[in-house]
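Q: One structure, pasted below without further comment.
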Amino acid sequence: MNSSKTQFAELQQTDELEQTWKEPKGFLGSLAVVGHKEIGKRYIVTAFIFLLLGGLEALLMRLQLAFPENTFLDPGRYNQIFTTHGTTMMFLFAVPVMEGMGIYLVPLMVGTRNVAFPRLNAFGYWMYLAGGLFLYAGTFFHALPDAGWFAYPPLSGPQFSPGKGVDVWAQMITFTEVSALCVAVELIVTILRMRAPGMTLNRIPMFCWSMLVQSFMIIFAMPAVMIASSVMLLNDRTIGTHFVNPAEGGDPLLYQHIFWFFGHPEVYIIFLPALGMVSSMIETFSRRHLFGYPALVLALVANGFLAFGLWVHHMFATGLPQVGEAYFTAASMMIAITSGVQIFCWLATLCTGRLRTTTALHFVFGFIFIFVLGGLTGVMVASIPFDLQAHDTYFVVAHFHYVLIGGALFPLFGGFHYWFPKFTGRLMDERLGKCSFWILFVGFNLTFFPMHFLGLGGMPRRVYTYSAGMGWELPNLLATVGALTIAVGGIVFIANVMRSRRHGEIADPNPWEGASLEWEAASPPKSYNFPRLPAVDNLWPAWDDISKRTVIEGLSDDRREILITSLNAAEPHHRHTLPKPSIWPFVTTLGLGIGLTGSVIAFSWYYVAAALGAIGFIGWFWPRRPLEFTS
Amino acid sequence: MRRCTLPFLFFLANIAFGQQSALDPAGPQAGRIRSLESLLFGISVVIFVGVIGTLAVALFRRRRGIQQEPLESTHRPSAQTERKLLVVVSSLSAVSLLILFALIVVSVVTGREISIKSLPRDSLVVEVTGNQWWWSVRYLDDNTQRIIVTANEIHIPTGRPVVIKGTSHDVIHSFWVPNLHGKRDLIPSRVNTEWIQADRPGRFRGQCAEFCGLQHAHMAFWVIAEPPAQFEAWRRQQLQPAAEPSDPVRLRGQQVFLNNACVLCHTIQGTTAAGQNGPDLTHFGSRQTIAAGTLPNTIGNLGGWITDPQTVKPGNHMPQVPLAPGDEQPLLAYLEGLK
């Protein structure tokens, strides 16, 4: 009797919510989008396109190295390709894709409707896209960087790298790091102040913890690389500041210190979110509470701190004093403890759970296999004497691909299968998924396992060719065959995505019986995520009877209102209205993009960047009456 | 992976006993690192097998359908199981901490043993300067008359420590002879030192290990370890000025060299050629390779290198010097005669 009335009221309410939160339509509308799901998706799709480009570059390198003294690529082209490969994978794929996953999932997991600063979020995405386009535009202007993704001076300096390639590289960093900082601020505030009432610090899902730690790391690490590349290196090149030019009294080691102060944490910035994904998937597919939640959280936080204490292990061969070296050996090895504790907790969970071996869990197993191997070689290279042999050889190439592909890409692929129904409302095909997993797993090991021996057998990194008769032929050929296998695995994965998003099995809100809040939202989630914001009283809300969910009443439906809660206890604090879509973040990026692109040609373009940027920001923050928050 | 075992063993053997391999040490430094590596490798294998074994157990239990507790309602195993897990996980963490602590100690001790501070007395001092893309080598001596300058080839006596004082003339390079020691970066405006020693005679290949531009791949050199007597003989020979050409063809070759752009970059002691940008050629004919370890030093290779250096090693700094017809053969004969 009353139920039809209630249903009608609910429909009316969700209708109004939809009106309030829906994304603008049309071309201009698509430039004004500020919703976290749309922007998260854009990050993920863009990053996957860059993954394809970076993978293609890797294939080209492997084809060149398949045979000794091969002439498939000339040295100049090879150097451009390995530089662009590293740069793409680090700056344009790995970090942004993790941020995209965070932007999409975190608001759903903490039970809110958008990230804290939606327009800043849009701005971050546009800056990232601009940076990526800027780097690849270099292809058409003979301006691809060729001094390595680390661009050590003096090789990257004006004397030894004439041309615009290194300038483009250095300024590309500015774009992507601004973007990373935007996301970091977003996620920190979202996680700390926008959680569902009752989601105290010890009830935050592991993935959100990992994004929180990662975001803090970004805030400390990214400014370092901007100082190294955009300030010191770029100014040395364009206006002769001589920060790092030894010919004029500058110090090339200063650059290395600052670069690796960023560069090492960068690895953890990439793979901490992946650890969060692994925790989520293991919990769901073991169908039991994650063992050792406090230990896992503390390990993540410790990881975040330790990551800043070991940058010198990239510089063991530079001849630093021994006492310092001993410290850095200890710090580098200690980080194995935090990773070890996490592995032990996961194994404990897996051993006592009731496993459901989905494709996602396959990728988790693949992750454990590969990542443990990469971690162990990590302990090996942390030892200075050993590192003096392994450094800058294929041993290190093997090591960090084990850590990054095993530690980040496999969990990401697993996570992609796991959250795909949430993103699209359809399940990915399990058979194709397992097929792609096995091809990728075999291909990966075939490519990178022989490289351990190549490195110890004397083959340095970043060589465009090698002489015959060194005993390097067979492992190199195997690696090339492996790389082609990986490509096949990638094609199967893409085919699966393409097919499943149109024809996949329709997914209900919680197809895997996951525990966290995102599984309470519809699949795909409505623009407002939850019709009524949920309140929670434990770490596994979706495992409760969700028909008895306590919800928050009293938020306006006719404007973009969300609930701000307290930092520790997540007690309701006040209501807050988020801004509506706006084209200004895009316009600001356009202005800054024009100016920063020009700065590669002449310093005076910075003034253009400042002026156009200022116009954008003024438009962005122009006060409107009546207050635009009310619709 | 299992199917690859045979080829793996094959290439392992191939690499392990190569002329540029960290797995086949020929001196105390590389030997100590090799022992450390074996230790690290052994521990890693044990840990890896343990982890993968546990993973296999998790899967095996599922296959066999062993379920200790129904998890449907609580999603949590019994308190007893959780307590057991806690004990296991904490002890494993404690054990890893101990293992890592031990590794740190071993690593630091090995580091001390191979550091420059552990240098025994009576060492030979060799200054190595990295250049794009070749190595300049100077044997230092208190008596300036006894300083030897050569390139891309370092002769050392067996059983005697040799101090390498490394720096760079342009960008950062890295000095690496894996059979003898790990790497040391050669950084412009700095001098880095390390010591190496060969305990047995042999030819050991070294290669630049820090990316240094277009021809990073072709920046190799050879360390030739000889018994002390043989080394002394080599040294005496290197101390001589360049051999005067004895026949008319070589004499003509010398004139070709001195009258062309060659002299702008190369030095030949005993002649007017005193260029500093390229390798010293005083005893060029006695070296085993040309173009920084790129090709064996034969007349044919040398001819190809001089007539078209950019094809042999694209991007290198040696220009193609146009020679008058008929000048090439005498020049080659002259250079190969510089024993």
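What follows is calculated from the coordinates using simple rules that are stated; it is not laboratory data. Computed from a predicted structure; not experimentally measured. All Cβ positions, even for glycine, are placed from backbone atoms using ideal geometry, and neighbour counts span all protein chains on display.
Q: Sum -39500 (n - 2.57) across every DSSP H segment of at least 4 residues in chain B, then divide by the residue count to get the 222 nm mean residue ellipticity, nearest 500. Provide the component values of the computation, followed by the final result.
A: Details: 9 runs with 135 residues, N = 339.
It comes out at -13000 deg cm²/dmol, rounded to the nearest 500.
Q: Can I ask one more? As an exercise, take the mean of 1/r over every pair of distinct alpha carbons in the protein assembly as shown, invert it, and state the Kirkwood radius in angstroms. Intermediate results must be reported in sequence, preceding the final value.
A: On the way: mean 1/r = 0.0330 Å⁻¹.
Result for the protein assembly as shown stands at 30.3 Å.
Q: Also, quick follow-up: How crowded by other chains is A:363-370, given as the mean number of beta carbons from other chains within 10 Å of each beta carbon? Display every interim value, and only then the final one.
A: Values: counts 0, 1, 5, 0, 0, 5, 4, 0.
Other-chain Cβ atoms within 10 Å of each residue's Cβ, averaged: 2.
Q: Could you give P(r) for region A:18-169, binned at 5 Å from zero, as whole percent values over all Cα-Cα pairs?
A: Percent of pairs per bin, in order: 2, 9, 15, 17, 15, 13, 10, 8, 6, 4, 2, 1, 0.
Q: In degrees from 0 to 90, rounded to the nearest 10, what is the angle of the helix B:228-239 Cα long axis to the longest principal axis of chain B?
A: Long axis of B:228-239 versus the principal axis of chain B: about 40 degrees.
Q: In peptide A:291-300, what is the residue-averaged number of other protein chain Cβ atoms found within 10 Å of each Cβ? Walk me through the intermediate numbers first.
A: Working: counts 7, 6, 0, 0, 4, 0, 0, 0, 1, 0.
For this peptide, the per-residue mean of nearby foreign Cβ atoms is 2.
Q: Additional query: Under 8 Å for C-alpha pairs, at least 6 residues apart: give me the relative contact order for region B:218-275, rounded to a whole percent. Mind dumping the intermediate values first?
A: Working: 28 pairs, mean separation 13.0, N = 58.
Averaging sequence separation for qualifying contacts and normalising by length gives 22 percent for region B:218-275.
Q: Using a ≥ b ≥ c from the Cα gyration tensor of region B:124-259 (square roots of the eigenvalues), is it rounded, prolate or oblate, where a/c under 1.5 gives rounded and otherwise the larger of a/b and b/c decides, a/b for prolate?
A: Working: a/c = 1.85, a/b = 1.26, b/c = 1.46.
It is oblate, given that a/c is not under 1.5 and a/b is not larger than b/c.
Q: Compute the separation of the alpha-carbon centres of region B:82-100 and region B:182-251 and state it in Å as a whole number.
A: Cα centroid to Cα centroid, the span is 52 Å.
Q: Can you tell me the relative contact order of region A:148-227? Whole percent, Cα pairs under 8 Å, sequence separation 6 or more.
A: Values: 32 pairs, mean separation 31.8, N = 80.
With pairs under 8 Å counted, the relative contact order is 40 percent.
Q: Applying a 10 Å radius around every beta-carbon, put B:215-221, B:115-121, B:298-304 in order of their mean neighbour count, most first.
A: B:215-221, B:298-304, B:115-121
Q: Arrange the peptides B:172-178, B:81-87 so that the one whose residues have, on average, the most other Cβ atoms within 10 Å appears first. Intermediate results must be reported in sequence, preceding the final value.
A: Values: B:172-178: 29.1, B:81-87: 14.6.
The densest-packed peptide leads the list: B:172-178, B:81-87.
Q: Over region B:135-273, calculate the relative contact order: mean separation of alpha carbon pairs under 8 Å at least 6 apart, over the residue count, as a percent. Intermediate values should be presented prior to the final figure.
A: Numbers: 228 pairs, mean separation 30.2, N = 139.
Normalised by residue count, the contact order of region B:135-273 is 22 percent.
Q: Please state the equivalent ellipsoid semi-axes for region A:237-282: what are the square roots of 5 times the Cα gyration tensor eigenvalues, largest first, in whole Å?
A: Values: eigenvalues 297, 17, 4 Å².
Computed over region A:237-282, the values are 39, 9, 4 Å.
Q: Give the average, rounded to an integer, of partner chain Cβ atoms located within 10 angstrom of each Cβ in B:51-61.
A: Numbers: counts 11, 5, 0, 8, 10, 1, 3, 12, 6, 1, 6.
Going residue by residue through B:51-61 and averaging, the value is 6.
Q: For helix A:584-598, report the angle its Cα long axis makes with the longest principal axis of the Cα atoms of chain A; keep it between 0 and 90° and round to the nearest 10°.
A: It works out to around 10 degrees.
Q: Provide, for chain A, the number of lysine pairs with alpha carbons under 20 Å apart, each pair being eight or more places apart or on different chains.
A: Count of close lysine pairs: 19.
Q: I would also like to ask the following. Going by a ≥ b ≥ c, the root eigenvalues of the Cα gyration tensor, does region B:209-261 fall in the rounded group (a/c under 1.5), the prolate group (a/b larger than b/c) or the oblate group?
A: Numbers: a/c = 3.73, a/b = 1.19, b/c = 3.13.
Cα axes put region B:209-261 in the oblate bin.
Q: Oh, and also: Peptides A:351-358, A:206-213, A:601-608: what's the order by average Cβ count within 10 Å, highest mean first? Write down the numbers at each step before the final one.
A: Values: A:351-358: 20.1, A:206-213: 25.6, A:601-608: 13.4.
Sorting A:351-358, A:206-213, A:601-608 by mean packing, highest first, produces A:206-213, A:351-358, A:601-608.
Q: Using Stokes-Einstein with the Kirkwood hydrodynamic radius over Cα pairs, what translational diffusion coefficient do you get for chain B at 4 °C and a viscosity of 1.567 mPa s, in µm²/s rounded to a whole number?
A: On the way: Rh = 23.9 Å.
It comes out at roughly 54 µm²/s.
Q: Let me ask you something else. Would you mind ranking A:ILE343, A:ILE546 by Cβ crowding within 10 Å, fewest neighbours first? Present the calculation step by step, with values, prior to reporting the outcome.
A: On the way: A:ILE343 25, A:ILE546 14.
By the 10 Å Cβ count, ascending, the order reads A:ILE546, A:ILE343.
Q: Between region B:282-303 and region A:465-539, what's the alpha-carbon centroid distance in Å?
A: Centre-to-centre distance over Cα atoms comes out at 54 Å.
Q: Give, to the nearest whole percent, the P(r) tail of region A:316-366 beyond 14 angstrom, counting all Cα pairs. Write down the numbers at each step before the final one.
A: Working: 871 of 1275 pairs.
Considering region A:316-366, 68 percent of its Cα-Cα pairs are separated by more than 14 Å.
Q: Answer rounded, prolate or oblate for region B:183-339, using the Cα gyration tensor with square roots of eigenvalues a ≥ b ≥ c: rounded when a/c is under 1.5, else prolate when a/b is larger than b/c, else oblate.
A: Values: a/c = 1.89, a/b = 1.31, b/c = 1.44.
It is oblate, given that a/c is not under 1.5 and a/b is not larger than b/c.
Q: Fewest Cβ neighbours within 10 Å first, please rank A:TRP620, A:TRP346 accordingly.
A: Details: A:TRP620 17, A:TRP346 27.
Listed from fewest to most nearby Cβ atoms, that is A:TRP620, A:TRP346.
Q: Where does helix A:75-87 land angle-wise versus the long Cα axis of chain A, in degrees 0 to 90, nearest 10?
A: Tilt of helix A:75-87: around 30 degrees.
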